[in-house]
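Trainee: The structure is given below, and queries will be raised subsequently.
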Amino acid sequence: MVHERPVRVGRRLAAILAADVAGYSRLMHRDEEATHARLTALLTEAVQPAIAEHAGRIVKNTGDGLLAEFPSAVDAVRAAMKFQAHIDELTIDDAEGDRIALRVGINIGDVIVEPHDIFGDSVNIAARLESIAEPGGIYISSSVCDYVRGKVGATFADLGEQNLKNIALPVRVYAVARDGSATRAEPVRSEQLSPPRLSIVVLPFANLSGDPQQDYFVDGVTESLTTDLSRISGSFVIGRHTAFTYKGKAVDLKQIGRELNVRYALEGSVQCGSDRLRVNVQLVEAETGAHLWSDRFDKPVADLFDMQDEIVARLANALNTQLVEAEARRAGRSLDPDAADLNFQGNACLNKGTTPERLTQARSFFERALAIDPRSVGALVGLASVDLAVGAALLTDDRSVRFSAAETNAINALSLAPDDAPAHFILGCVYIFTSRAVQGIAECEQALVLNPNLADAHAARGLAKFLIGRADETESHILEALRLSPRDTFAYWWMHLLGRAKMQLGANAEAVDWLRRSIEANRNFPLTHIHLAAALGLLGALDEARAAAKAGLALDPGFTIRRFRTAAKSNDNLTYLAGVERICQGMRIAGVPEG
């Protein structure tokens, strides 16, 4: 019997380049023919010549991108740098919403070769690197970086180990920083670069229960928190696989900061007794070892998985605020702040209270950021937030102008970053305040899909119910927001809203309780003092009502009952308008000027 020899599978070592167009579906939806023509021109004029010049071969086109192979990693990176620079030149005059930008991922490894395709894990990794790359960016694996360092005239930002979809082991990723100049004899190494802003590692929490069976719960808190922090806009969070290599070890946080190139480290512990659960956390600045923030959470033991979700949500919301504050302090020390620095300072101002002075200061930071970078999503969302706050807090007589400006900036932000949860939330609030509650609720729900911990979006849904005459449904939404983020910098606004909803329902004593809680959380929000004055006036507590009115008018001397009633006229819901008249009556009793 003759035995056929097995067919030999063709293999070779190759550098693989995967590229596609960022936001291709959106561009095609806007104008199919123009997008197709522009992409074809860029591929013909920039991409294909650069690949051919560096001995590359286009294996296949993928509609909005391509897969290519090169005989060396150096050739692959040089080709990518060349065509990305050429694309920048060709698209510099294109409108922002129409600009085509390629994302590139490059890996090197053994591939299976067929006449019209290549296969293997190495190809898959290149494709995954491309999928996480920034528009216009080039992301490479550590194996590629080892080959090209010092040979391609670029610096490399170490992005740490990344968990790539359907890839079993984490891959260390580097971003190629193109400088557009001649090749440097001695490029700066990644370890000399400053850690990225909002970069953090969540170290494995310690299990202090003495029960190894609780490890799954403790590790679950660490893993979930790592995932949820990555939803913070602009954050860079070290992957959990890397973080867990430090589990059970005595750690030097300064050394970890250097090893992982991060600014912050979060460490904590969990102690689960028979009837109570305690979680301790502390945020540390890795460079100095300074403790920036610490907190403790104590709760009765209930369903552990529900508790895990709640603990993680609370920590993520609290850390968001603390990290913004830390970055704002850093930015304040900079002699030459960039757009991101200014955005952090603007958001820190917003977090400190909705007073005319704070809002003016925040606006200045965001406008300066936008002057530096007109495509800054953070600055657009920040300006939208300021205008929304001015209109919502009745700090102006031209609310419609402010809401219109907020809507424009939120929409512009979403055109640049369609998955930006804060932008969806701000747009939802604008819709809610301008009698488009159904659209507003939909935007808030989209924000929650993108970031389930966005407590503001829950509160905004409560606001929508209040404005359409369903104040009895507001409380559940506000309580959910407070459950997720009880110490939120905007919790005062949520409690203010619930106080107003209680007044709408005629429950003035309950309204006083919630409004006082709001003032305890933030004494610098004039509208809460005014509404507390109205509620106390309706209850007949005249001295307290006048004192509350005086405090509110000291913060906003321009407030009048006329302004309040004018703002309410944009809403035609009869139940809501009847509540407004009751509140106006209480304001008059408290001595608020008619205007």
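The values are calculated or read from the model by the stated rules, or taken from the named source; none is laboratory data. If you're wondering where the values come from, they're calculated on a predicted model, not measured in any experiment. Positions of Cβ are generated from backbone atoms using ideal geometry, with glycine treated the same way; all protein chains shown enter the neighbour counts.
Trainee: Is one or more of the residues making up region 261-274 under 19 Å from residue 210 (Cα atoms) and exposed (fewer than 15 other Cβ atoms within 10 Å of the Cβ)?
Mentor: Checking region 261-274: at least one residue is under 19 Å from residue 210 (Cα atoms) and exposed (fewer than 15 other Cβ atoms within 10 Å of the Cβ).
Trainee: Given (1) over 39 Å from the mean Cα position of the chain (by Cα); (2) in a helix (DSSP H, G or I); (3) among the β-branched types (Val, Ile, Thr), identify the lone condition not met by residue 512.
Mentor: For residue 512, the exception is condition (1).
Trainee: Can you confirm whether region 465-477 contains a residue that is in a helix (DSSP H, G or I), modelled with pLDDT under 95, under 26 Å from residue 228 (Cβ atoms) and among the hydrophobic types (A, V, I, L, M, F, W, C)?
Mentor: No, every residue in region 465-477 fails to be in a helix (DSSP H, G or I), modelled with pLDDT under 95, under 26 Å from residue 228 (Cβ atoms) and among the hydrophobic types (A, V, I, L, M, F, W, C).
Trainee: A further question on this structure: Being more than 15 Å from residue 71 (Cα to Cα), out of contact with any Phe, Trp or Tyr (no Cβ under 8 Å at 6 or more places or on another chain) and either in contact (Cβ under 8 Å) with a residue 60 or more places away in the chain or not basic (Lys, Arg) (or both) narrows it down to one residue among 119, 156; which is it?
Mentor: Among 119, 156, only 119 is more than 15 Å from residue 71 (Cα to Cα), out of contact with any Phe, Trp or Tyr (no Cβ under 8 Å at 6 or more places or on another chain) and either in contact (Cβ under 8 Å) with a residue 60 or more places away in the chain or not basic (Lys, Arg) (or both).
Trainee: Yes or no: residue 501 out of contact with any Pro (no Cβ under 8 Å at 6 or more places or on another chain), hydrophobic (A, V, I, L, M, F, W, C) and over 30 Å from residue 313 (Cβ atoms)?
Mentor: In short, no.
Trainee: Can you give me the number of residues within region 242-258 that are out of contact with any Leu (no Cβ under 8 Å at 6 or more places or on another chain) and buried (at least 17 other Cβ atoms within 10 Å of the Cβ)?
Mentor: 2
Trainee: State the number of residues belonging to region 408-459 that are part of a loop (DSSP other than H, G, I, E, B) and either in contact (Cβ under 8 Å) with a residue 40 or more places away in the chain or in contact with a Leu (Cβ under 8 Å, 6 or more places away or on another chain) (or both).
Mentor: 10
Trainee: Taking region 503-520, which residues are closer than 16 Å to residue 587 by Cα and either of a type in the set (Lys, Arg) or buried (at least 18 other Cβ atoms within 10 Å of the Cβ) (or both)?
Mentor: 503, 504, 508, 511, 512, 515
Trainee: Moving to a separate point now. Can you go through 46, 68 and tell me which one is assigned to a helix (DSSP H, G or I) and closer than 29 Å to residue 33 by Cβ?
Mentor: Working: 68 fails: assigned to a helix (DSSP H, G or I).
After applying the criteria, what remains is 46.
Trainee: Any chance region 81-96 includes a residue that's among the aliphatic types (A, V, I, L, M) and buried (at least 24 other Cβ atoms within 10 Å of the Cβ)? Even if it seems obvious, please write down each step before you answer.
Mentor: First, pick out the residues of region 81-96 that are among the aliphatic types (A, V, I, L, M): 81, 85, 87, 90, 92, 95.
Those left that are additionally buried (at least 24 other Cβ atoms within 10 Å of the Cβ): none.
No, because not a single residue in region 81-96 is among the aliphatic types (A, V, I, L, M) and buried (at least 24 other Cβ atoms within 10 Å of the Cβ).
Trainee: So which residues in region 258-277 are within 27 Å of residue 162 (Cβ to Cβ) and touching a Phe, Trp or Tyr at 6+ places or on another chain (Cβ under 8 Å)?
Mentor: Correct list: 262, 267, 268, 270.
Trainee: Inside region 71-93, can you point out the residues that are part of a helix (DSSP H, G or I) and charged (D, E, K, R)?
Mentor: Result: 75, 78, 82, 88, 89.
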